[in-house]
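Written out below as structure tokens is the structure these notes cover.
The values are calculated or read from the model by the stated rules, or taken from the named source; none is laboratory data. Predicted model only: the values in this text are computed from it and were never measured. For neighbour counting, all protein chains shown are included, and Cβ atoms are generated from backbone atoms with ideal geometry for every residue, glycine included. Areas reflect the complete protein model, heavy atoms only, side chains present, ligands, DNA and RNA absent. Shrake-Rupley method; radii C 1.70, N 1.55, O 1.52, S 1.80 Å.
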Amino acid sequence: WFYNMLGIAGAAFVIFLLYKFFFSGRQFILNPNEDEDTEKARINFVERNLLDVDLNSYIKEAVASNNYALAIRYQQLLNIQLLAKKNIVYWNQSKTNMELMDEITQLDLRSDFKKCTALFDYVWFGDFTITAAKFEEINQQFQEFQRRWS
């Protein structure tokens, strides 16, 4: 009876996968939210075209929609854009912040970039929401970096 039950469970699983494949837009087990897809697509577009986009408009839009984590992500990308345009780092979408940090030879600049990267990691990868007050506090660090090194 055990093998019969195992066979029935396997057949049910295969039917479930086929149903999800054909009737759910080829999305298996998870059905992602459209907003998340749009946000990911936008981030991907910005990262691909980092040297050509106006990040300030993306930052303003994220702040207007109270998506402070996304605004901080765009701030980090703005820092990278600033460094890439000054030929301090070579931008490649697949590079990590640590790889970019290793390219910075000036110690003060590297230290400031490291602080901003730590804040970005804290905000983007932390599993919590950010208040407007906390965003302003963190955003000040990014703006100080941009004023100092632009």
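D121: part of a helix (DSSP H, G or I), open to solvent by less than 80 Å² (accessible area, probe 1.4 Å), acidic (D, E) and closer than 23 Å to R42 by Cβ, yes or no?
Values: part of a helix (DSSP H, G or I): yes; open to solvent by less than 80 Å² (accessible area, probe 1.4 Å): yes; acidic (D, E): yes; closer than 23 Å to R42 by Cβ: yes.
Yes, satisfied.
Is it the case that N92 is of a type outside the set (V, I, T), on the phi > 0 side of the Ramachandran plot and modelled with pLDDT under 95?
Numbers: of a type outside the set (V, I, T): yes; on the phi > 0 side of the Ramachandran plot: no; modelled with pLDDT under 95: yes.
Taking the combined requirement at face value, the residue does not satisfy it.
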* Structure fact -> So, first residue more than 19 Å from D121 (Cα to Cα) in the range 81-96, second residue among the charged types (D, E, K, R), Cβ within less than 6 Å, six or more apart or across chains; the pairs are V89/E103
* Asked: Considering only the range 88-114, how many residues are under 25 Å from E39 (Cα atoms) and among the charged types (D, E, K, R)?
  -> 2
* To do: For the range 38-52, state whether one or more residues are within 20 Å of E144 (Cα to Cα), open to solvent by 30 Å² or more (accessible area, probe 1.4 Å) and at pLDDT 90 or above.
  => no
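Could you list, in sequence order, the residues of the range 76-90 that are within 17 Å of F45 (Cβ to Cβ) and crowded, with 20+ Cβ neighbours inside 10 Å?
The answer is Q76, L77, L78, I80, Q81.
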* **Odd one out for F22 among (1) surrounded by 10 or more Cβ atoms within 10 Å (Cβ to Cβ); (2) at pLDDT below 90; (3) of a type in the set (F, W, Y)** => (1)
